[in-house]
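Engineer: Below: one structure in structure tokens.
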Amino acid sequence: MTIAAPGESVIDAHLSADLAAAALDLARSFHDGATLWVLSPQWEPHAHHVAVEFVHPVIMGKRALPAVALVEPDPVAQARVASQPGDLLLAVASATQPAVVEAMRRAPAWGVLTLWIGSGPRPPAGAANHILWIDSDDPMVPATGRFVLLYHLLWELTHVCFEHPGLLNRPDDCTDAACVTCGDEGRLGEVVSAGTQGSALVRTSKGEEWVDVTLLGDVAADDLILVHAGAAITRLEAN
Amino acid sequence: MPENETDTTAFLYPFIESEETDAQRLLDDLAASARGKASESARLQRETLEEYAEAVAAAGAEMAERFLRRGRLYTLGNGGSSTDAATLASLFSRPARGRPVAAWSLAADEAVVTALGNDVGFELIFKRQIIAHARDRDVVIALSTSGNSEDLMAAITEAKRRGLLTIGFAGHGGGRMAVAEDLDHCYTVHSQSIHRIQESHAMLGYRLWSVTQQHMTRQAVS
């Protein structure tokens, strides 16, 4: 498929359902006080466009929402220090853009919800909470307004959700005794700093905690590890 | 109203939905809305390209002729249109295929923009840069969904005076850009939605780039 034929809608049933789910998640996070951080290392103007869209809406009367383009030379470091649990991270990037791949990999340890807009080969399933993808191998897609359409729609649908306050509170999924998310079965953590005597300060989606790292030996800042019952059980190596 | 009538009259107040619990209905509505807006965006892009097919072909040829004389492209816009202007400049300066040419957005440098905005006034942020940068073989493309932005109009007038090729992308009814004698080409996207206008501006820019590339194939820069 190419994008050479303008005038053909690129939003099919699947992508529209993906957009709807992403918008509701976005609205719920904003409702809970989230800030939206935006990465687009290949096409920085897209990151700026998303930010201005949310901060200064083109439709009068719509609320201004916190959104910030992260365009420093090391966007992973910038996202790491900027993001707090409950925040949102949106990338406009190809599936192989190294900084975005790295940020998405670490996002669960930062406790942020992730969205990924792009085209070409898709990221692996589960690489982000919401993958909004144009399935075209044409490298010119980023310059044709297709991505602009996607984040415009995301903004428009998010604001529709605010008109449904009863749906803005996330359903409590964690009442189950065997819940994997909340149970301590192996949470992703990122080392903040190595301590003495086999311990390290580690950042997880719940915040910072001291973790026993004797199983792993030496750890260094920014290492990704799996934490189980207060101990690091595995180090995750970069792909 | 008597208290016992609250339940039976709730249907009169459709905006009071704090008790709403069925997210699936909302999700279905959102998805349908997304498809509808995407279809409208595609229709507008198609009709805009059809309306301006000959005019864009002519402008692309004139741009190529200037690039072959080492002309440069400056793009202008405010807000979301400044980012679309930056995307357009990148399309010309580092395209995924084809020949790159010198192009940049005059909104890109925050030191220059804030210096001018603070010292001489926001309406002159682009005009002052045109005075500094422009040579008569250059090209300027201004993007404004209203067609009325004062900072763009001031820059267009200055650019025309200095012999640049001047191109405007407007929206709504075209505003001041549609009737500006200082614009060599003006394409108005006939819509009331800023979002849909911007999506068509992107497609217009892409078509302009494509035509320019066709004219530059196998031509030597002088």
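Engineer: For B:GLU150 paired with B:GLN214, estimate the spin-label separation in nm (one decimal), with each label point 7 Å from Cα along the Cα-to-Cβ line.
Structural biologist: Placing both labels 7 Å along Cα→Cβ, they lie 4.1 nm apart.
Engineer: If you fit an axis through the alpha-carbon atoms of helix B:23-51 and take the longest principal axis of the Cα set of chain B, what angle between them do you get, 0 to 90°, nearest 10?
Structural biologist: 30 degrees
Engineer: In what sequence do B:PHE67, A:PHE162 fall when counting other Cβ within 10 Å, fewest first?
Structural biologist: Numbers: B:PHE67 26, A:PHE162 15.
By the 10 Å Cβ count, ascending, the order reads A:PHE162, B:PHE67.
Engineer: Also, I was wondering about something else. Give, rounded to the nearest 20 debye, the magnitude of the charge dipole that the protein assembly as shown has about its Cα centre when Lys and Arg contribute +1 at Cβ and Asp and Glu contribute -1 at Cβ.
Structural biologist: Numbers: 36 positive and 59 negative charges, 475 e Å.
Once rounded to the nearest 20, the dipole reads 2280 debye.
Engineer: Give me the percent relative contact order of region B:26-158, please, defined on Cα pairs under 8 angstrom at least 6 residues apart. Please list the in-between numbers first.
Structural biologist: Working: 142 pairs, mean separation 34.6, N = 133.
Taking the mean separation of contacting Cα pairs over the length of region B:26-158, I get 26 percent.
Engineer: Could you give the angle, 0 to 90 degrees to the nearest 10, between helix B:194-216's Cα long axis and the longest principal axis of the Cα atoms of chain B?
Structural biologist: 30 degrees
Engineer: When only C-alpha pairs under 8 Å and at least 6 residues apart count, what is the relative contact order of chain B, in percent? Can you show the working numbers first?
Structural biologist: Values: 345 pairs, mean separation 51.2, N = 222.
Result for chain B is 23 percent.
Engineer: Net charge within 12 Å of B:GLU150 by Cβ-Cβ distance, Lys/Arg positive one each and Asp/Glu negative one each, not counting B:GLU150 itself? Spell out each step's value before the answer.
Structural biologist: Numbers: positive: B:LYS127, B:ARG176; negative: B:GLU123, B:ASP151.
Net local charge, B:GLU150 excluded: 0.
Engineer: Let me ask another. Loop only per DSSP, at most 10 neighbouring Cβ atoms within 10 Å: give me the trypsin sites (Lys or Arg not before Pro) in region B:64-98, ordered by residue number.
Structural biologist: Details: sites: B:ARG66, B:ARG69, B:ARG70, B:ARG72, B:ARG97; in loops: B:ARG69, B:ARG70, B:ARG72, B:ARG97.
Qualifying residues, ordered by number: B:ARG97.
Engineer: Related question: Summing +1 for each Lys or Arg and -1 for each Asp or Glu, what net charge is found among the other residues whose Cβ lies under 9 Å from the Cβ of A:TRP133?
Structural biologist: Working: positive: A:ARG122; negative: A:ASP18, A:ASP135.
Local charge sum for A:TRP133: -1.
Engineer: Show me the trypsin sites (Lys or Arg not before Pro) within region A:19-96 that DSSP assigns to loop and that have at most 11 other Cβ atoms within 10 Å of their Cβ.
Structural biologist: Filter output for region A:19-96: A:ARG63.
Engineer: Around B:ARG70, with a cut-off of 14 angstrom between Cβ atoms, what is the net charge of the other residues, counting Lys and Arg +1 and Asp and Glu -1? Show your work: numbers first, answer last.
Structural biologist: On the way: positive: B:ARG66, B:ARG69, B:ARG72, B:ARG99, B:ARG135, B:ARG137; negative: B:GLU65, B:ASP136, B:ASP138.
Once all neighbours under 14 Å are counted, the net charge is +3.
Engineer: At a 10 Å Cβ-Cβ cut-off, how would you order B:ARG196, A:ARG235, fewest neighbours first? List each step's numbers first, then the result.
Structural biologist: Working: B:ARG196 25, A:ARG235 15.
Ascending Cβ contact count within 10 Å gives the list A:ARG235, B:ARG196.
Engineer: Taking the beta-carbon count within 10 Å as an exposure proxy, list A:HIS159, A:HIS31, A:HIS46, B:HIS201 from fewest neighbours to most. Kindly include the intermediate steps, with their values, before the conclusion.
Structural biologist: Details: A:HIS159 20, A:HIS31 15, A:HIS46 27, B:HIS201 30.
Ascending number of Cβ neighbours within 10 Å: A:HIS31, A:HIS159, A:HIS46, B:HIS201.
Engineer: Normalised by the number of residues in chain A, what is the relative contact order in percent for Cα pairs under 8 Å and 6+ residues apart?
Structural biologist: Details: 432 pairs, mean separation 41.4, N = 239.
Across chain A, relative contact order equals 17 percent.
Only the coordinates and a few stated rules stand behind these numbers; no lab work does. This is a predicted model, so every value here is computed, not measured. Note that each Cβ is placed from the backbone with ideal geometry, even for glycine, and that neighbours are counted across all protein chains shown.
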